1. Name the shape class, rounded, prolate or oblate, that the alpha-carbon gyration tensor gives for the range B:1-117, where a ≥ b ≥ c are the square roots of its eigenvalues, rounded holds for a/c under 1.5, and otherwise prolate holds if a/b is larger than b/c and oblate otherwise.
2. With the label 7 angstrom out along Cα to Cβ, how close does residue B:104 come to the same site in each of the other copies, in nm, nearest first?
3. When the helix-only estimate is applied to chain A (DSSP H runs of n ≥ 4, each -39,500 (n - 2.57), divided by the residue count), what is the mean residue ellipticity at 222 nm, nearest 500 deg cm²/dmol?
4. Under a crude label model (7 Å from the Cα following the beta-carbon direction), how far is residue B:217 from residue B:97 in nanometres?
5. Compute log10 of I(q)/I(0) for the protein assembly as shown with the Debye formula, placing one identical point scatterer on every Cα and leaving out solvent, at q = 0.13 Å⁻¹, to two decimals.
6. Work out the FRET efficiency for residue B:133 and residue A:167 from their Cβ-Cβ distance, taking R0 = 25 Å, and round it to the nearest 0.05.
7. GNM on chain B, C-alpha springs below 10 Å: top fluctuator among B:217, B:112, B:146?
8. Please report, in whole Å³, the volume per residue of the convex hull around the C-alpha atoms of the range B:60-225.
DNA sequence: GTCTATAACCGGATAGAC
DNA sequence: GTCTATCCGGTTATAGAC
């Protein structure tokens, strides 16, 4: 019944880890973040409290794991969308909607989720070194959104766009968190409108006669941008 | 030596309250928010733990009080700036700088501060009903920034601008929190540039020929905007 | 209404045994 | 890798003094 072959490797541990994470997310969905105790998570998962802490250094790290899982799922969803769609606007909108669908079940505790993420000291912060991988993967999705689109975009802009779309993505999530409309229709409406406008704006900014203004804005951005994956966070 | 006339009223209590708040902020500055215990605050203030909780229902409420104090101080600083300056850009920039000066000493623990504030459930959230007064006062400052400027702005835009400037203010604070440059020079640079650009944009948006676009954007905003001081937060 | 003192509760986090 | 015991600090409760 059981095998412990060398391919299984960390399998046993991974299973426990996954069990704890899923249990935690279920409880978060049911009762919210603050209301869910680590003891309750451990109990329902059928493990000891200390064991939960063996896999997740803190309650916040459960959130980080949730981030990671969501990224994986979004990347998967994005793949099929990006195979199908070829216009910038539709590719972009598709990814945004996929993300909103993905996180909707967690809207209830997403506030706390984002709150802890807002602290620059926190490893959960989207700008932190710990988040670099997630940030890089996320940005990669948006690079693919752009690269696959039938649209000629100058190199300087094209280089910055994935980061900008990722920032936009963050802004949408922030809006979504504060959106109490049923089904988050308000956020979807906002995304519809802004993606359309911004897609046009990108096309416009790509015109040759826009070059000077484009250069000026990109220069300002470069000045302002912290070297995100760098020394800034000691 | 002591009088307890009717004018003194809550004076005794107010003094204790202020003492506790100042002590807490000192400790936050010195050691950060998480590292500062309520017991330590009470001890250094020379009051009993229970007394601290008599004046502040929770540790978070100390932050809310800090917000309030900062608002007061900003309003005071703004008054003298707005008496002096008459161009939109200089009035606006003056207020932004005054605010940055005011909060600089607290940069260290501002992250946590903003983090707890980011949770929609939290009373600290700038959009929450509990924050309505602070939000209203803050918005009033920006209304004054606009009203006193020598610039003709159409009514529809003028009505929305204070809220928009307040949103911008929030965005600046968010940027500031993540700014690890010495003296927050990066934030100041960003503010310099963006206030200049946005001031021009406001002037541009006020031109008669911009009316249709302006109307369209204001309409979208109205659709998106939650009735902030409303039922949304039950 | 303001304040002290003290004990207790609860839950996040850690230590160390198995 | 898993468990039990323990610590620590936010918070609450109580009972009483000015």
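1. oblate
2. In nanometres, ordered from closest: 4.8.
3. Calculated at 222 nm, the ellipticity per residue is -23500 deg cm²/dmol.
4. Each label point is offset 7 Å from its Cα along the Cβ direction, giving 2.6 nm.
5. Taking Cα atoms of the protein assembly as shown as identical point scatterers yields -1.46.
6. FRET efficiency, residue B:133 to residue A:167: 0.20.
7. Of B:217, B:112, B:146, the Gaussian network model singles out B:217 as fluctuating most.
8. 112 Å³
Every read-out reported here was derived from the displayed coordinates using simple, explicitly stated rules and does not represent laboratory data. Source: prediction; values computed, not measured. In this analysis, Cβ positions are derived from the backbone assuming ideal geometry, glycine residues included, and neighbour counts consider all displayed protein chains.
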